[in-house]
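Everything on this sheet refers to the single structure shown next.
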Amino acid sequence: MAGISQDWEPVVIRKKAPTAAARKDEKAVNAARRAGAEIETVKKSNAGTNKAASSGTSLNTRKLDEDTENLAHEKVPTELKKAIMQARMDMKLTQAQLAQLINEKPQIIQEYESGKAIPNQQIISKLERALGAKLRGKK
């Protein structure tokens, strides 16, 4: 055991300095006041308001306002929906039966006949084949 010595050096552990957010919280400010430290308060000019979002029209907002383009989905034309209905009635089919023939949901046939569907060329060609009628190119 002789000849072995330990050289102990003191280890100092320090707390990190408070972050900016911690220095601003209410507890820290009150503790500093009690300790008599100097506290600087600055009133922000537009604190509590959302002026950045509503003050002036930004470039994107102005672009959207000036844009007069009509951004609506294309709907099924009246001629097409009447042609589908007429061809289906001629074959004495219900909407559900026609939908089953073309492997689609009955709701799709309903939307096409009411004019609410967004035209899909694949579905229109399926309808043409099933009904044996030309639905496109009629004007």
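Note on residue 120 and residue 25: the extension gain reaches 28.2 nm, defined as 0.36 nm multiplied by sequence separation minus the Cα-Cα distance. Extension gain for the segment residue 133 to residue 5, taken as residue separation times 0.36 nm less the Cα-Cα distance, is 35.7 nm to one decimal.
Compared with the alpha-carbon gap, the fully stretched path from residue 72 to residue 94 is longer by 4.9 nm at 0.36 nm per residue.
Between residue 40 and residue 103, the modelled labels are 7.5 nm apart [label points 7 Å from Cα along Cα→Cβ]. Sort all Cα-Cα distances of segment 78-131 into consecutive 10 angstrom bins from zero, then give the percent of pairs in each bin up to the one containing the longest distance. All Cα pairs, binned at 10 Å, distribute as 27, 68, 6 percent.
Every number here is computed from the coordinates shown, using simple stated rules; none is lab data. This is a predicted model, so every value here is computed, not measured. Positions of Cβ are generated from backbone atoms using ideal geometry, with glycine treated the same way; all protein chains shown enter the neighbour counts.
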